[in-house]
Ligand code: PMV
């Protein structure tokens, strides 16, 4: 017997980052974060539980996924099997419209889509807190991709993580902004986010200061969002991202996610800003530069980033919708 379901989720980009965990086993963040779910960074995943399957199988874009990826998905499916009280192995077929594992937040859409598709295929219709807890075990940023628009993930204080549930702060159609993404460099990121966060927590002298500023950045970003004040949100987001990278750089051994194109792109955005554009950068655990701006500045920002040596693709994202089950 087979049971199947498919789901779609979109990657989110954090404007106030999470970098550090308060509980490694439950994958709970040490600070709250705020993200924008993107309109066209889409992952679609179908999960088919099959009583006759000899083991879990993962196909990414039609080809067998690397073994490490298959094992990560298989451990995730173990959780779903234990929640549903079932034993069947599954075939996972996943497709993304953008490069995976390179700091473009593919794990956020990937695990949000996998959580939704696998639970539905297993006959479960989980409420948001339970679905978010499951998605979080796959990736700390994945719960934010369950919801659309602008999403807060509070750190919470409860040891079991029951108060770490994503909240939509503004819907996708509530504020017309853009994130212009300059993709540069392909392939896997140098240091995975979990390893990087743990290294920063254990070794960076700036880690306590980073954790201490988190709540203030989150409140300032939410106030800017409520007021639809793009310069205020941009300034908080840019400062927060540079602080996260300061912590990564001051870890031992140091973690450097940037390359030459990253720095050139940041400088291009600064030059545009000096000329009057409203544009602010954020950077995640990879070399790509993401620029928050208004719709009127997006074309100029995209053109400027296309002129940066090493930038291979420029995407213009709007706020997008949350995860959905496909028919
Ligand atoms: O979800 P993870 O484990 O890939 O961690 C995400 C870390 C950052 O993208 C750097 C920040 C964030 O809040 O998304």
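The values are calculated or read from the model by the stated rules, or taken from the named source; none is laboratory data. Just so it is clear, the structure is predicted and the values come from calculations on it, not from any experiment. Every residue, glycine among them, receives a Cβ derived from its backbone with ideal geometry; neighbour counts consider all protein chains shown.
Here residue 80 fulfils each of the conditions (1) exposed (fewer than 14 other Cβ atoms within 10 Å of the Cβ); (2) farther than 24 Å from residue 213 by Cβ; (3) out of contact with any strand residue (DSSP E or B) (no Cβ under 7 Å at 6 or more places or on another chain) apart from (1).
Restricting attention to segment 198-209, the residues being in contact with a helix residue (DSSP H, G or I) (Cβ under 9 Å, 6 or more places away or on another chain) and within 12 Å of the ligand (Cβ to nearest atom) number 1. Checking each residue in segment 282-306 for being closer than 19 Å to residue 235 by Cβ, more than 14 Å from the ligand (Cβ to nearest atom) and crowded, with 18+ Cβ neighbours inside 10 Å picks out 291, 292, 293, 297, 298, 301. Considering only segment 199-207, I want to know if a residue exists there that is touching a strand residue (DSSP E or B) at 6+ places or on another chain (Cβ under 9 Å), at pLDDT 95 or above and at negative phi. Yes, segment 199-207 has at least one match.
Is it the case that segment 17-27 has a residue that's in contact (Cβ under 8 Å) with a residue 12 or more places away in the chain, within 12 Å of the ligand (Cβ to nearest atom) and assigned to a strand (DSSP E or B)? Checking segment 17-27: at least one residue is in contact (Cβ under 8 Å) with a residue 12 or more places away in the chain, within 12 Å of the ligand (Cβ to nearest atom) and assigned to a strand (DSSP E or B). When 102, 141 are screened for being modelled with pLDDT under 95 and either under 21 Å from residue 65 (Cα atoms) or in contact with a strand residue (DSSP E or B) (Cβ under 7 Å, 6 or more places away or on another chain) (or both), only 102 passes.
For (1) part of a helix (DSSP H, G or I); (2) within 16 Å of the ligand (Cβ to nearest atom); (3) touching a residue at least 24 places away in the same chain (Cβ under 8 Å); (4) crowded, with 21+ Cβ neighbours inside 10 Å, each residue gets a yes or a no:
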site: 162; (1), (2), (3), (4): no, no, yes, no
site: 169; (1), (2), (3), (4): no, yes, yes, no
site: 174; (1), (2), (3), (4): no, no, yes, no
site: 183; (1), (2), (3), (4): no, yes, yes, yes
site: 190; (1), (2), (3), (4): no, yes, yes, no
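All conditions but one from (1) farther than 30 Å from residue 294 by Cβ; (2) within 16 Å of the ligand (Cβ to nearest atom); (3) modelled with pLDDT of 95 or more; (4) outside any loop (DSSP other than H, G, I, E, B) apply to residue 83; the one that does not is (2).
Within segment 119-143, the set of residues being more than 14 Å from the chain's Cα centre (by Cα) and part of a helix (DSSP H, G or I) comprises 119, 120, 121, 128, 129, 130, 131, 133, 134.
Just one of (1) within 20 Å of the chain's Cα centre (by Cα); (2) surrounded by fewer than 18 Cβ atoms within 10 Å (Cβ to Cβ); (3) in a loop (DSSP other than H, G, I, E, B) fails for residue 68. It is (3).
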